[in-house]
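No value in this document is a laboratory result; all are computed from the given coordinates. Fair warning: this is a prediction, and the values are worked out from it, not measured in the lab. Positions of Cβ are backbone-derived with ideal geometry, glycine not excepted, and every protein chain shown enters the neighbour counts.
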């Protein structure tokens, strides 16, 4: 784990919704099989779900029982504990919208040049 990113140990319910959604995409089949054990700052042995975000490395504290309960209580997962296709698509769409907002200015600049390439794009649409 030599990512060089700051490590954050946090409870799942205390995470930002956006981080929770990224975790769902990373672990679409539930959390319990991906838990790791480590010794915390107080010297206690705890389990957590590892998750590497863009700027931080998270260790999301949870036991196997808590991991199961989180999935059971989350409507984004089906009765087998798998992320539903509909939930996955909605989360991906929201993430794309957030990325696009940050890149909107850059896209506007590129769109002026794109007009001259219209003929090339038409071939792709027919396939």
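Based on the alpha-carbon gyration tensor of the stretch 27-77 and its eigenvalue square roots a ≥ b ≥ c, which shape applies: rounded if a/c is under 1.5, prolate if not and a/b is larger than b/c, or oblate? Intermediate values should be presented prior to the final figure.
Values: a/c = 2.55, a/b = 1.39, b/c = 1.84.
Verdict is oblate for the stretch 27-77.
Give, in nm to one decimal, the length gained when the segment between residue 5 and residue 79 is fully stretched (0.36 nm per residue of separation minus the Cα-Cα distance).
Numbers: separation 74, 0.36 × 74 = 26.64 nm, distance 3.53 nm.
Full extension of this stretch gives 23.1 nm more.
In nm, to one decimal, how far is the modelled label at residue 55 from the one at residue 14, with both set 7 Å along Cα→Cβ?
Distance between the two pseudo-spin positions: 1.9 nm.
Roughly what % of DSSP beta bridges within the stretch 7-109 run antiparallel, to the nearest 5? Provide the component values of the computation, followed by the final result.
Details: 10 of 15 bridges.
About 65 percent, rounded to the nearest 5.
Full-extension gain between residue 37 and residue 92, please, as 0.36 nm times their residue separation minus the C-alpha to C-alpha distance.
On the way: separation 55, 0.36 × 55 = 19.80 nm, distance 2.96 nm.
Net length gain for the segment: 16.8 nm.
Rank the residues 75, 13 as a footprinting-exposure proxy: fewest other Cβ atoms within 10 Å of their Cβ go first.
On the way: 75 7, 13 10.
Ascending Cβ contact count within 10 Å gives the list 75, 13.
Using Cβ contacts closer than 10 Å as the measure, can you line up 51, 31 from fewest to most? Please list the in-between numbers first.
On the way: 51 20, 31 23.
With the fewest neighbours first, 51, 31 line up as 51, 31.
With a/c under 1.5 counting as rounded, go ahead and sort the stretch 7-109 into rounded, prolate or oblate using the C-alpha gyration tensor (a ≥ b ≥ c being the square roots of the eigenvalues; past the cut-off, prolate if a/b is larger than b/c, else oblate).
Working: a/c = 3.18, a/b = 1.45, b/c = 2.19.
Taking the square roots of the gyration eigenvalues as a ≥ b ≥ c, the stretch 7-109 is oblate.
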